[in-house]
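> Please find one structure pasted underneath; my questions will follow.
A short reminder: the numbers here are calculations on the coordinates, not readings from a lab. What you are looking at is a predicted structure, and each value in this text was computed from that prediction instead of being measured. FYI the Cβ positions are ideal-geometry reconstructions off the backbone, even for glycines, and counts take in every protein chain you see.
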Amino acid sequence: MVKVAPSVLSADFTDLKNDIKDVEQGGAKWLHYDVMDGHFVPNISFGADILKQISKITDLYLDVHLMVSDPAFYADRFIAAGADLITFHIEAMDSVESIKALIDHLHEKGVKAGLSIKPGTKVDAIKNFLDDIDLVLVMSVEPGFGGQSFMSGSLDKIRALNEREHQYLIEVDGGINAETGKSCVEAGVDVLVAGSYVFNAEDRKERIASLL
């Protein structure tokens, strides 16, 4: 069953509690939480304190995406704040050893570990870690800003990840709507991150249903 993970980045922060409850009641099972440091990506979002408050008002699975230059430094803060899954970027790491060490650390702390790849990064870049992780996040836009158009080349990456024997979930983030979401599901995706498509809709339940 495909899961929809509405991205908090597109929520109304003057009414965040109600927005989260609305997508939860609308059928979402996950909540995607984008963390940007203004260095790894040219934007700044929010830190662990807001996630801690969110964890108090929802039972949704908290899917934390670290778009930061030093994910190992920040990981424990988000674990303590209630993250169920922490995904970090292969491009932010400087060695195979550091990647494996962070994956092991996340598992030791009782959270799931994910790896993400930017549009310009090939699947081969993470092939040595696929047996160790719980999720692969394929970015179908350049990370850092919401509202971008879906890059169709992401479908080839999803297919390649789906063709091999695997235990990980495949997630896609960027430009997801009913049309692109269907293409991703057909390619083998398990989790669809949708920001503006869900949160900007009058009927969020209908929008979530259109992705399932």
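> Please get the size of the charge dipole for the chain, origin at its Cα centre, with Cβ charges of +1 on Lys and Arg and -1 on Asp and Glu, quoted in debye to the nearest 20.
On the way: 20 positive and 34 negative charges, 45 e Å.
Dipole size: approximately 220 debye.
> Give the cross-link partners of Lys109 among the aspartates and glutamates, using a straight C-alpha distance below 16 Å as the criterion and excluding same-chain residues fewer than 8 apart.
In chain and number order, the partners are Asp63, Asp76, Asp84, Asp132, Asp134.
> Given Lys3/Lys112; Lys52/Lys100; Lys29/Lys52; Lys56/Lys118, which pairs have Cα atoms separated by over 21 Å?
Working: Lys3/Lys112 16 Å; Lys52/Lys100 27 Å; Lys29/Lys52 18 Å; Lys56/Lys118 31 Å.
Where the Cα-Cα span goes over 21 Å, the pairs concerned are Lys52/Lys100; Lys56/Lys118.
> Right, here's the next one. For Ser116, list long-range residues whose amide hydrogen, built 1.01 Å from N in the peptide plane, is under 5 Å from its own amide hydrogen.
Phe88, His89, Ile90, Leu137
> Could you compute the longest span of the chain free of trypsin sites (Lys or Arg not before Pro) located in DSSP loops and having at most 11 other Cβ atoms within 10 Å, not counting the site residues? Can you show the working numbers first?
Details: sites that count: Lys56, Lys122, Arg164.
Value returned for the longest uninterrupted segment is 57-121.
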